Amino acid sequence: MRALVTGAASGIGRATCLRLARDGAANGTPAQIAAVDLAATPALDAVVAEVAALGGKAFAVAADMGSADGPGKAVGAAVTRLGGLDAVVSNAGINRPGKMLDYTVEDWDQVFAVNTRATWLLAKAAHPALADGGGAIVAVSSMSGNFAHAGLGAYGPSKAAVSMTVRVLAQEFAPDGIRVNAVSPGMVQTGMTVNVYANNEVASARAGLVPLGRVAQPEDMADVIVFLLGHDARYVNGQDIIVDGGFTGNHLGRIPGLTSITRS
């Protein structure tokens with residue numbers, strides 16, 4: 001599989017690159033990956049090396065997903081180097097927490113540029129290559145795009161827009177043989193949340209809110225992303241799959257005093 005993965009230097013992006021490499025090695029068709037991140041860093045180089053160690057081929061691409069030309073630049077580099085594309089994973093994202101009353105236009109625009117606009121621009125630029133062989137796109141949305149989360153500023157609205165963008169693209173790209181889906185993670189231990197989970201008490205409390213009893217690792221998201229890119233998901237299109245261990249579906253189970261209610 002020839003894939004482009006943004007936000008590849010860490011977290012879900014890194015885990016996705018490694019899962020693609022493992023699957024390629026197991027199937028005898030080595031993965032070829034354009035690993036995209038904001039800048040060339042030792043972490044991005046390490047992902048390239050890890051993919052190679054697993055039998056795949058990868059190269060680093062530095063491109064700003066918040067700029068108007070960054071997504072197209074990344075796609076162009078991938079198509080040139082790989083000779084085409086089979087998959088695009090729009091994973092890069094940022095979070096600038098804050099109350100709506102205190103938020104600035106600059107913060108709003110930047111969050112939407114990286115989290116939402118980049119998915120559209122990546123899809124637009126990759127369309128010819130993906131249509132050539134019937135490829136797939138997966139965008140990483142969030143449970144915060146499906147359920148209101150106060151105090152996160154534009155993050156939730158931007159992710160809600162990602163989910164709708166995916167649905168629209170799925171309808172428009174399907175006649176060209178391209179599937180488009182989203183994955184909405186729940187709580188995940190990534191570089192963005194490392195400070196939160198460094199507090200053992202907070203980490204334990206969060207795990208206790210999840211019916212499965214643990215907070216997700218990036219690999220839990222990568223497994224679903226790679227499934228959606230592959231042949232086994234060939235009839236899945238326009239979906240936003242919430243991958244949260246049952247957390248967002250357990251609101252009623254967290255109402256205090258339920259266990260003391262008895263039937264009359």
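Some points to look at:
- In sequence order, calculated HN-Hα J values of the stretch 197-204 (Karplus, 6.51, -1.76, 1.60; Hz; x Gly/Pro): 7, 5, 8, 4, 5, 5, 4, 5
- Relative to the longest principal axis of the Cα atoms of the chain, helix 11-27 runs at roughly 50 degrees.
- Protein accessible area in the stretch 122-218, 1.4 Å probe - carbon and sulfur %: 54 percent
- Hypothetical label at HIS231: residues of the stretch 117-147 whose amide nitrogen lies under 17 Å (7 Å Cα-Cβ projection): 133-136
- Lys, Arg +1 and Asp, Glu -1 on Cβ, resulting dipole of the chain about Cα centre, debye, nearest 20: 400 debye
- Cα long-axis angle, helix 118-133 against the chain (0 to 90 degrees, to the nearest 10): 50 degrees
- Residue-averaged 222 nm ellipticity for the chain, from DSSP H runs of 4+ at -39500 (n - 2.57), nearest 500: -13000 deg cm²/dmol
- Area of ASP240 that stays accessible when all protein chains are in place (1.4 Å probe, Å², to 10): 30 Å²
- Relative contact order for the chain, counting Cα pairs under 8 Å that sit 6 or more residues apart, in percent: 18 percent
- Label selected from (i) 15.1; (ii) 16.5; (iii) 13.1, the criterion being mean projected area of the Cα convex hull in nm² as computed here: (ii)
- Cα lying deepest toward the dipole's positive end in the chain, options LEU122, VAL224, GLN32, charges on Cβ: VAL224
- Pairwise label distance in nanometres, PHE147 with VAL105, each label 7 Å out on the Cα-Cβ vector: 3.4 nm
- Taking amide H atoms as placed 1.01 Å from N in the peptide plane, the amide H of ALA182 lies under 5 Å from those of ALA139, GLN239, ASP240, ILE241, each 5 or more residues away in sequence or on another chain.
The values are calculated or read from the model by the stated rules, or taken from the named source; none is laboratory data. Predicted model only: the values in this text are computed from it and were never measured. As a convention, Cβ positions derive from the backbone with ideal geometry for all residues, glycine included, and neighbour counts pool all protein chains shown. Please note that ligands, DNA and RNA were not included when accessible areas were found on the heavy atoms of the full protein model with its side chains. Shrake-Rupley method; radii C 1.70, N 1.55, O 1.52, S 1.80 Å.
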